[in-house]
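*Asks:* Sharing a structure below in C-alpha cells format, with a few things to ask.
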Amino acid sequence: MDDRNADVEQTLVLIKPDGLKRSLTGNIIALLSHPDNMIVAVKLVKVTRELAEKHYSHLKHKPFYEDLIRFLLGEWHTNRVMALVYEGPNIIQRIREISGATNPEEAKPDSIRGKYGRIHSKTGVYENVIHCSANDIDAEKEIKLWFEPYEIVNIRFPVQYVVEERTVMRWKT
Ligand code: DAT
Ligand code: MG
C-alpha cells in the first residue's frame, strides 16, 4: 500500500452477532478480500451496553433503537462481534458498496447484506450481518471507539503517550 496516496483511508467493519452465530465470518471476509483491502486490525469483542449505545448514539431517537442495541448485544444470537479495521484507497465507499444497502431486502443480491441479511420477524430490526463506517468522520470516530492505537498495525491518527498506573491481566507464571 502506498501511504503517500491521499486516497488511502481506514474504515471500521463489524461482523455483527448474527454473522458470527450463523458462521458467516469466512464468507463475509472473503467478499471483502481484495489486494487493495488490507486488514490492519482485528479482534473479537464482547459488546457492553455502553459500547453499543456509543456506537449507535446517532440513532437514539429512532423507534427501533432499543431493539438495535439488544441485537448488537447479542440478545438473539451471541454476545460478541468481530471488529476489523480495513485500509486502502477509497476504502470507506468501496466497502459500503460491497456491503450493500442498509435494508437487506433492498440490498443488491450480490452484496453481503443482499446475500446474508434478513429482517427479524419479531422486531423488524435489520439483521444485516455487517457494519461499515459511512464516511471519513464516522470512520475516525468508530475506529477510536472500538480500538486502542496499539491494536492497529498501521496507525493513521495522531496518538499521545500517557503514563498511568493500572492493574492488567497477565498469564500466571
Ligand atoms: P448502516 O448500517 O447502513 O450505516 P444506519 O447507520 O442508518 O445504517 O443504521 C444502523 C443500523 O440500524 C442498520 O445497520 C440496521 C438498523 N436499522 C436502520 N434503519 C432501520 C429500520 N428502518 N428498521 C430497522 N432497523 C434499522
Ligand atoms: Mg451507519
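The values are calculated or read from the model by the stated rules, or taken from the named source; none is laboratory data. Please read these numbers as outputs of a predicted model, since none were measured by experiment. Note that each Cβ is placed from the backbone with ideal geometry, even for glycine, and that neighbours are counted across all protein chains shown. Accessible surface is based on the protein model in full, side chains and every heavy atom, while ligands, DNA and RNA are left aside. Shrake-Rupley method; radii C 1.70, N 1.55, O 1.52, S 1.80 Å.
*Asks:* Name the single residue that is surrounded by the most Cβ atoms within 10 Å (Cβ to Cβ) among those in the range 1-23 being at pLDDT 95 or above and of a type in the set (Lys, Arg).
*Replies:* So the residue we want is LYS16.
*Asks:* Same structure, new question: Among the residues of the range 52-64, is there at least one that is out of contact with any Pro (no Cβ under 9 Å at 6 or more places or on another chain), among the hydrophobic types (A, V, I, L, M, F, W, C), over 20 Å from GLY117 (Cβ atoms) and in contact (Cβ under 8 Å) with a residue 24 or more places away in the chain?
*Replies:* Among the residues of the range 52-64, not one is out of contact with any Pro (no Cβ under 9 Å at 6 or more places or on another chain), among the hydrophobic types (A, V, I, L, M, F, W, C), over 20 Å from GLY117 (Cβ atoms) and in contact (Cβ under 8 Å) with a residue 24 or more places away in the chain, which makes the answer no.
*Asks:* Output the number of residues of the range 84-135 satisfying the condition of being within 8 Å of ligand 1 (Cβ to nearest atom) and on the phi > 0 side of the Ramachandran plot.
*Replies:* 1
*Asks:* Moving on to the next point. Within the set of pairs 6 or more residues apart or between chains, which connect a residue that is modelled with pLDDT of 95 or more inside the range 132-155 to a residue that is assigned to a loop (DSSP other than H, G, I, E, B) with Cβ atoms less than 6 Å apart?
*Replies:* Close Cβ pairs satisfying both conditions: ALA139/SER133; GLU142/SER133; PRO149/ILE155; PRO149/VAL159.
*Asks:* Here's something else I'd like to know. Taking into account only those residues within the range 101-139 that are open to solvent by 20 Å² or more (accessible area, probe 1.4 Å) and of a type in the set (S, T, N, Q), which is farthest from ligand 2 (Cβ to nearest atom)?
*Replies:* The qualifying residue farthest from ligand 2 (Cβ to nearest atom) is SER121.
*Asks:* A further question on this structure: Kindly check whether there is at least one residue in the range 4-27 that is acidic (Asp, Glu) and assigned to a helix (DSSP H, G or I).
*Replies:* yes
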